[in-house]
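Taking it in order: structure first as structure tokens, then the write-up.
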Amino acid sequence: MGSINEVAELVEKGKAKLVGAAVQDALDSGCDPTEILNKGMIDAMAVVGEKFKNGEIFVPEMLVAARAMKKGVEVLKPHLSSGATGSNGKLILATVAGDLHDIGKNLVGMMIESAGFEVIDLGVDVPAAKIIECYRENPDTKIIALSALLTTTMPSLKDTVAAIAAEDFRKDVKIMVGGAPITQEFADEIGADGYSEDAASAAALAKSLVA
Ligand code: B1M
């Protein structure tokens, strides 16, 4: 019998080769995919983060846990997202310059895609110039979605929004932001059009921004 606890334990320990099968077992046992994601994986990553903060583990352990989570998400993906159609238009997604965290961004991308957007994912550590260049190549883009996971990359998020705001196309595109240290207050302060706390609400926000 697969269980969510087993998934959480494997993610925490960074057992990438075993996580996929454990997720499949949990699904086969009737566990809810969103519960597996939230309780089996996101909560496990929070434990990993706490252990890192307390000096019990170091960067390599965080990295293997991240790899394990990605393997689990691969198995979970078809159960979380419904058929993508791209009918809501294009959305450019990126983690801002200086920031290498991509799990949250990838989940946001997955949920937004299943909300009917065509997601152009530029990856991590993306300079503002690359985002602007991508918009110029895709002038029908409706939303630019930016993720930042570190307090030290919040200024980078601010600079990216400012760089986009300086472009003549700013009025034609919405900017949404998110990531663990980001708040609605910060989003307002830097001139973003929207903020959301997690992947599910990011999809709802994206839809509301183009409605
Ligand atoms: Co990093 N790291 N990390 N790390 N890491 C954190 C973020 C940290 C909180 C750990 C801690 O100390 N407790 C801490 C930041 C502290 C701070 O900023 N005050 C930290 C640190 C310090 C660092 C380094 C500086 C460590 C070092 O080198 N000394 C370094 C920085 C590297 C860099 O980016 N330049 C670093 C490196 C790494 C790894 C590369 C090893 C690895 C990332 C691998 C990867 O992503 N491929 C890593 C990991 C795994 C973590 C933790 C453990 C897990 C992150 C994660 O994936 N969470 C993290 C601790 C934690 O988060 N509790 C930590 C799960 C994910 C689903 O959640 O990303 O928050 P999250 O995404 C959520 C929401 O935030 C939101 O929705 C998502 C889904 O619900 N969201 C959006 C995200 N983007 C959004 C965009 C939106 C809307 C919502 O709209 C556009």
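Here r is the Cβ-Cβ distance between K130 and S3 and R0 is 45 Å; the resulting FRET efficiency, rounded to 0.05, is 0.60. Projected label points at E197 and D28, each 7 Å from Cα along the beta carbon direction, are separated by 3.6 nanometres.
Among residues other than P33 with Cβ under 14 Å from its Cβ, the summed charge is -3 (Lys and Arg +1, Asp and Glu -1). Accessible area per residue for the range 1-106 is 53 Å², calculated with a 1.4 Å probe on protein heavy atoms, without ligands, DNA or RNA. I'd like the distance between the alpha-carbon centres of the range 93-135 and the range 18-64, rounded to an integer number of Å. Cα centroid to Cα centroid, the span is 22 Å. Oblate is the label for the range 130-208. Its Cα gyration tensor axes, ordered a ≥ b ≥ c, give a/c of at least 1.5 and b/c at or above a/b. Between 0 and 90 degrees, the angle of helix 4-13 with respect to the longest Cα principal axis of the chain falls at about 80 degrees.
Rolling a 1.4 Å probe over the protein heavy atoms of the range 153-193, with every protein chain left in place, gives an accessible area that is 50 percent carbon and sulfur. Backbone geometry of the range 173-184 corresponds, through the Karplus equation with coefficients 6.51, -1.76 and 1.60 at θ = phi - 60°, to 3J(HN,Hα) couplings of 9, 9, 10, 10, 10, x, x, 3, x, 7, 10, 4 Hz, x marking Gly and Pro. If R0 is 25 Å, the Cβ-Cβ spacing of A21 and S82 corresponds to a FRET efficiency of close to 0.55. Neighbours of G49 by Cβ distance under 13 Å: Lys/Arg scored +1, Asp/Glu scored -1, total -3. Taking a ≥ b ≥ c as the square roots of the eigenvalues of the Cα gyration tensor, an a/c ratio of 1.5 or more together with a/b no larger than b/c marks the range 51-154 as oblate.
Report the one residue of M154, S201, F186 whose Cα lies farthest in the direction of the positive end of the charge dipole of the range 141-211 (charges on C-beta: Lys and Arg +1, Asp and Glu -1; origin at the Cα centre). Of the options given, the answer is S201. Backbone geometry of the range 57-72 corresponds, through the Karplus equation with coefficients 6.51, -1.76 and 1.60 at θ = phi - 60°, to 3J(HN,Hα) couplings of 9, 10, 3, x, 5, 5, 5, 5, 5, 4, 4, 5, 4, 4, 4, x Hz, x marking Gly and Pro.
Across the chain, Cα pairs under 8 Å and at least six residues apart give a relative contact order of 17 percent.
Less than 5 angstrom separates the built amide H of G89 from those of E118, all sequence-distant by 5 or more or on a different chain.
The values are calculated or read from the model by the stated rules, or taken from the named source; none is laboratory data. No experiment lies behind these values; they were computed from the predicted model shown. As a convention, Cβ positions derive from the backbone with ideal geometry for all residues, glycine included, and neighbour counts pool all protein chains shown. Protein only, heavy atoms only, side chains kept; ligands, DNA and RNA dropped before computing areas. Shrake-Rupley method; radii C 1.70, N 1.55, O 1.52, S 1.80 Å.
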